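The next block holds one structure in the form of structure tokens; read it before the comments.
No lab work stands behind these numbers, since they all come straight from the coordinates. In this text, all values refer to a predicted model and were calculated from it rather than measured experimentally. Using ideal geometry, Cβ is built from the backbone for each residue, glycine included, and neighbour counts are taken over all protein chains shown.
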Amino acid sequence: MMKRVLQVMLVTVLMLVISSCNVHHIYFVRHAEKAGAMQKDPPLTEAGMQRAGELSTLLDKKKIKAVYSTQTIRTIHTAKPLADKLDLPVQLYTPDTVANLLTKLKAGRKNSLVVGHSNTVLPMLVMTGVKPEKNEIPDWEYDNLFRVTFLHKSRNDVSVRLKALKFGQPSKPL
């Protein structure tokens, strides 16, 4: 009887381990609040730096293995607190490499963060295979965090889900 209980427990633990390896998440976020809209490459405001810290705190236990950002000061500084906390580099991407990046992230089965812009985050979500409820991210809105979950049922059977989240202080219209 005891041997049977141990076998059931072992199978249960094994199933949990296997199933956890078959799920990964890509988190997408727009950069935090930027200063000086008229500047070509504005830095984050004080509120933006705080939001970047809140993002870091929110994601630091999510087993993030890679952090990606566009080549702007505001996106890099949004990504950097988490990357620093996890001792990861902020890997840069450009608009012409987005398709390759997303293909790599979908297949890589590693939790990742991708920091983009109000006009790039939603199209990237669509490229992962999900349909966001939003049609656009307004210029004043910085509190969205999108989690795309990939559940690998078999080699060729992957379920993709989107969860729209909010974080930090709620954004308010200008």
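Fully extending the segment from Leu58 to Lys85 would add 8.5 nm, taking 0.36 nm per residue of separation and subtracting the current Cα-Cα distance.
First obtain the Kirkwood hydrodynamic radius of the range 69-163 from its Cα pairs, then insert it into the Stokes-Einstein equation at 20 °C and 1.002 mPa s, and state the resulting D in µm² per second as a whole number. Write down the numbers at each step before the final one.
Values: Rh = 14.4 Å.
The diffusion coefficient I find is 149 µm²/s.
Each other residue within a Cβ distance under 13 Å of Gln91 adds +1 if Lys or Arg and -1 if Asp or Glu, for a net charge of +4.
Ranking of Phe146, Phe167 by neighbouring Cβ atoms within 10 Å, starting from the fewest: Phe167, Phe146.
Helix 46-59: angle to the longest alpha-carbon principal axis of the chain, degrees 0 to 90, nearest 10? The two axes meet at around 10 degrees. Global size of the range 16-141: 14.5, 51 Å for Rg and Dmax (C-alpha atoms, Rg to one decimal, Dmax whole).
Principal-axis analysis of the Cα atoms of the chain puts helix 73-86 at an angle of about 30° to the longest axis. Relative to the dominant Cα principal axis of the chain, helix 2-21 is inclined by about 30°. Rg and Dmax of the range 100-153, both derived from C-alpha coordinates alone, stand at 11.8, 39 Å.
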